[in-house]
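The values are calculated or read from the model by the stated rules, or taken from the named source; none is laboratory data. This one's a predicted model, so the numbers in the text were calculated from it and none came from an experiment. Using ideal geometry, Cβ is built from the backbone for each residue, glycine included, and neighbour counts are taken over all protein chains shown.
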Amino acid sequence: MTRPMLELVGLNKRFGDLTVLHDIHLRVGQGELVFVIGPSGSGKSTMLRCCNRLEEPTSGSVLIDGADITACSPRALNKMRLNLGMVFQGFHLYPHMDAVGNVMLAQVKALGRSKDEARARALEMLDRVGLRHKSDAMPSALSGGQQQRVAIARALALDPKVMLFDEPTSALDPELVGSVLAVMKDLRTSGMTMLVVSHEMGFAREAADRVIFMDGGVIVEEGQPEAIFTNPQAERTRAFLSRVR
Ligand code: ADP
Ligand code: MG
C-alpha cells in the first residue's frame, strides 16, 4: 500500500450502553479510494464523524498522515481538522451567499487567506467541479447536484489531505447523481485520497480500490470491488448485497 494518509487504529465508539463501533482498523493509502457499504445503523456515519472528532471516539486513535488527531490539544485540533474535507448528504451551504462566497468563507476564516487569494482559489475549484459559470448564483438558484458540487469545491479549497464523503448523492434526484459522481471520479484520477460511504455500487465497481462492508459496528469483510460484489465471503455481506440489488 501507498503511505497511509488516514488510519483508524482500534477505534471504539459507545453511546451509553450502545456500542456503535467495535475495534475498527482501517488504513487508506495515499491516492486510494476506499468505499464503505453496510446497512442503515451499522456505524458508517459515526466512523466518518470520529475521524475529525465531530464524534469523540470512546477509545482508539485516528491518524491523519501519521499525526494523531485523537491525542492533540484543542488548538491543534482545529488545524488538523482542515486536513479532512467533509461532504455530507445535505450540502449545508449558506443560503444568503453566492457560490463563490460559500467557497471563500472558510478559506478566510480558518486559513486566514486574503479575500483576493480566497476568491482566486474558489473560482479555480468551482471550475474544477464544472461550475465556474455559476460562481455568482445563490444556492436557491442551483440544483441539488450543483449545490453538492459547490460543497465539494468548498472542501477542496482548503487543500485537504483526505476527502470523506457520507452518502453524497443520497439526497439527489436520480438524474443529478451522475454529475456528482463524475466530479468524484475526476478527484480520484487526480490522486485525492478518499473514504466514501455510498450506495452507488456501480461507482464502486468503476472507481473504488477497496470495498469495506460494515455491519453492527464491525468491519465484516473487505476486498476488491469485483471480489466483494461477485463473490462475497461472509453470509452477512451476501444477505446485504441481495437486498440492495
Ligand atoms: P449508519 O451511518 O451506518 O446508518 P450511524 O453511524 O448513523 O449508522 O449510526 C450507528 C448507530 O449509532 C445507530 O444505532 C444510531 O442510532 C446510533 N447513533 C448515532 N448517533 C448517535 C447519537 N448521537 N446518540 C446515540 N446513538 C447514536
Ligand atoms: Mg449514515
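Assorted remarks:
- Residues in segment 196-219 that are without any contact (Cβ under 8 Å) to a residue 60 or more places away in the chain, surrounded by fewer than 20 Cβ atoms within 10 Å (Cβ to Cβ) and within 23 Å of E235 (Cα to Cα): G202, R205.
Per-residue answers, yes or no, for (1) in contact with a helix residue (DSSP H, G or I) (Cβ under 8 Å, 6 or more places away or on another chain); (2) at positive phi; (3) near ligand 1 (Cβ under 7 Å from one of its atoms):
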| site | (1), (2), (3) |
| --- | --- |
| E32 | no, no, no |
| G38 | yes, yes, yes |
| K44 | no, no, yes |
| N52 | yes, no, no |
| G60 | yes, yes, no |
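- Test: residue in segment 14-23 that is away from ligand 1 (no atom under 12 Å from the Cβ) and not charged (D, E, K, R): no
- Restricting attention to segment 68-79 and to residues that are in a helix (DSSP H, G or I) and over 24 Å from I219 (Cβ atoms), the residue that is nearest to ligand 2 (Cβ to nearest atom) turns out to be L77.
Rundown of residues vs (1) within 16 Å of ligand 2 (Cβ to nearest atom); (2) aromatic (F, W, Y); (3) in contact with a strand residue (DSSP E or B) (Cβ under 8 Å, 6 or more places away or on another chain), yes/no style:
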position: R128; (1), (2), (3): no, no, no
position: H133; (1), (2), (3): no, no, no
position: S140; (1), (2), (3): no, no, no
position: G145; (1), (2), (3): no, no, no
position: V150; (1), (2), (3): no, no, no
position: L156; (1), (2), (3): no, no, yes
position: P160; (1), (2), (3): no, no, yes
position: T169; (1), (2), (3): yes, no, no
position: E175; (1), (2), (3): no, no, no
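- The lone criterion from (1) without any contact (Cβ under 8 Å) to a residue 60 or more places away in the chain; (2) more than 16 Å from ligand 1 (Cβ to nearest atom); (3) of a type in the set (S, T, Y) left unmet by T193 is number (1).
- Qualifying residue in segment 93-104 (condition: surrounded by fewer than 20 Cβ atoms within 10 Å (Cβ to Cβ) and assigned to a helix (DSSP H, G or I)): yes
- Options L142, L156: the member that is more than 16 Å from ligand 1 (Cβ to nearest atom), surrounded by fewer than 22 Cβ atoms within 10 Å (Cβ to Cβ) and not charged (D, E, K, R): L142
- Considering M5, M86, the condition of being within 16 Å of ligand 2 (Cβ to nearest atom), over 19 Å from M214 (Cα atoms) and assigned to a strand (DSSP E or B) is satisfied by M86 alone.
- All positions within segment 82-119 that are within 17 Å of P160 (Cβ to Cβ), of a type outside the set (A, V, I, L, M, F, W, C) and touching a strand residue (DSSP E or B) at 6+ places or on another chain (Cβ under 9 Å): N83, G85
- Just one residue in the set E200, E222 is under 25 Å from L18 (Cβ atoms) and modelled with pLDDT of 95 or more; that residue is E222.
- Flag for P168 being within 16 Å of ligand 1 (Cβ to nearest atom) and in contact (Cβ under 8 Å) with a residue 60 or more places away in the chain: yes
- Residue tally, condition under 11 Å from V34 (Cβ atoms) and either modelled with pLDDT under 95 or not charged (D, E, K, R) (or both), over segment 208-218: 3
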